[in-house]
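As structure tokens, the structure follows; a few thoughts come after it.
The values are calculated or read from the model by the stated rules, or taken from the named source; none is laboratory data. Predicted model only: the values in this text are computed from it and were never measured. Heads up, the Cβs are rebuilt from the backbone with ideal geometry, glycines too, and the neighbour counts pull from every protein chain shown.
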Amino acid sequence: MKKLLSLILVTLLMFSFVSCKDTTEIPEYKNDRYIYAIVPTTEGYKTLIKFDVVEKTAVSACPDPLCEHGRSCPVSGMSNCSMTDNCIYIERGDISTGKSVYVYDLAKNEISLFVECKQISTPQKGPNGLVYFTISQIEYNDEGLAEKEIFHLYCRNEKTGELKRLTTEPLAGFAHLPNYAEDKLIWTLSGEPGYWSTDIDFQNRQPYEIPRADYMFEFDTIYTNTLRHEVYRINNITGEKSLIFKDAASFRYLGNYPNYYAALYKPMVAVGEDEELEYIHTGEIAYIDLYDTSKTFIWDVPEDISVPNIYNEVRNPRRVNDYHGFDCQQYETDEQGNLYQLHGIFVVNPTTKEAFPIIYEGSRRLIRSAE
Ligand SMILES: [Zn+2]
């Protein structure tokens with residue numbers, strides 16, 4: 001696993017050096033202020049919230065002005081949710097029942113059914129508004145019994161909504177697209193070792209060798225009574241090994257620009273309903289430059305805010321412009337001594353050096369009574 005992560009990261013970094021710029025001509029949805037995140041509501045179901053980093057507000061991301069955003073709201077009760085630059089893909093159901101996947105077109109501000117399937121990959125972003133998915137369906141025999149699961153690769157044009165199947169023969173499993181250029185896609189394929197390149201229609205498949213990068217990264221997890229992470233940078237020419245950070249409770253790679261890791265130190269102890277449990281919520285988030293390994297822009301998380309983890313899925317970045325959002329909880333005690341928990345995001349911006357929480361009021365939940 002360590003090796004795989006290193007390889008992926010090397011690939012990402014390598015592409016930042018060769019600079020395959022996405023010179024798309026398709027007008028894309030312009031988001032300059034919203035971070036989307038799923039939070040639990042007071043009633044206990046999950047819902048998609050739109051956090052405005054300029055106004056510092058949190059409202060339902062539902063596009064329907066007449067909806068009351070209850071349990072049956074189109075952005076509530078999903079099993080999974082992934083984002084691209086233009087769309088949010090909302091999954092309902094699970095692998096046993098099958099999934100219904102809806103697409104929320106942010107430019108059109110509408111939600112529609114995208115596909116029904118057994119499984120679907122996270123959207124894999126390609127050039128010019130193209131997004132790739134591995135989608136599986138169950139194949140039934142003559143008696144109507146489920147026989148096998150068939151995986152195919154599809155390409156969706158997010159501007160036109162067109163969905164095209166690219167494979168004639170089924171794939172062994174999911175296809176992952178770690179990077180791309182204008183006319184070339186780089187893949188890793190389940191069940192096949194190494195990397196592959198294809199054209200944008202998944203044709204002309206060739207084994208692909210990753211060019212040697214200047215650096216590679218080593219990820220170590222230290223198991224004591226809690227988990228701690230260490231990351232090292234290794235110079236591929238000299239072999240020199242430098243510590244990027246250690247003692248981190250959690251970390252996130254922030255992408256090619258601005259070449260930072262964010263690391264969370266001094267993790268939180270969770271609050272529980274057991275009266276013996278105390279809640280300890282100190283912590284700091286640091287941004288670490290991958291090139292000179294300097295640790296910069298350190299924020300203390302406020303006393304009433306808990307940030308248990310800052311890891312995030314690569315394909316669903318809690319980010320807009322230079323604002324990065326980390327899932328957080330806020331704790332409030334009322335005059336009677338009742339303790340409440342609320343959910344939101346803790347936002348930091350290494351350019352402007354701002355740091356603030358945005359809390360969704362509809363997530364308020366009593367977690368410890370005064371009695
Ligand atoms: Zn709604």
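Some points to look at:
- Scan of the range 71-109 for residues that are part of a loop (DSSP other than H, G, I, E, B), within 14 Å of the ligand (Cβ to nearest atom) and touching a residue at least 12 places away in the same chain (Cβ under 8 Å), ordered by number: Arg71, Cys73, Pro74, Val75, Gly77, Met78, Asn109
- Residue list for the range 53-70, restricted to those being part of a loop (DSSP other than H, G, I, E, B) and either closer than 17 Å to Ala107 by Cα or within 8 Å of the ligand (Cβ to nearest atom) (or both): Ala61, Cys62, Pro63, Asp64, Pro65, Cys67, Glu68, His69, Gly70
- Only one of Tyr154, Tyr132, Tyr45, Tyr140 that is free of Cβ contacts under 8 Å to residues at least 40 places away in the same chain and under 24 Å from His176 (Cβ atoms): Tyr154
- Evaluating Phe133 against the criteria (1) in a strand (DSSP E or B); (2) within 16 Å of the ligand (Cβ to nearest atom); (3) crowded, with 20+ Cβ neighbours inside 10 Å leaves one unmet condition, (2).
- If you filter the range 30-52 down to residues that are part of a strand (DSSP E or B) and of a type outside the set (A, V, I, L, M, F, W, C), you find that the one that is nearest to Gln330 (Cα to Cα) is Pro40.
- Filter result (of a type in the set (Asp, Glu) and more than 17 Å from Gln124 (Cβ to Cβ)) within the range 142-191: Asp142, Glu143, Glu147, Glu149, Glu169
- Of all residues in the range 215-256 being in contact (Cβ under 8 Å) with a residue 40 or more places away in the chain and outside any strand (DSSP E or B), the one that is farthest from Lys295 (Cα to Cα): Thr226
- Matching entry among Glu303, Glu354 (being in the same structural domain as Leu243 (by TED's automatic domain parsing) and more than 26 Å from Tyr253 (Cβ to Cβ)): Glu303
- Tally of residues being buried (at least 19 other Cβ atoms within 10 Å of the Cβ) and acidic (Asp, Glu) across the range 163-210: 0
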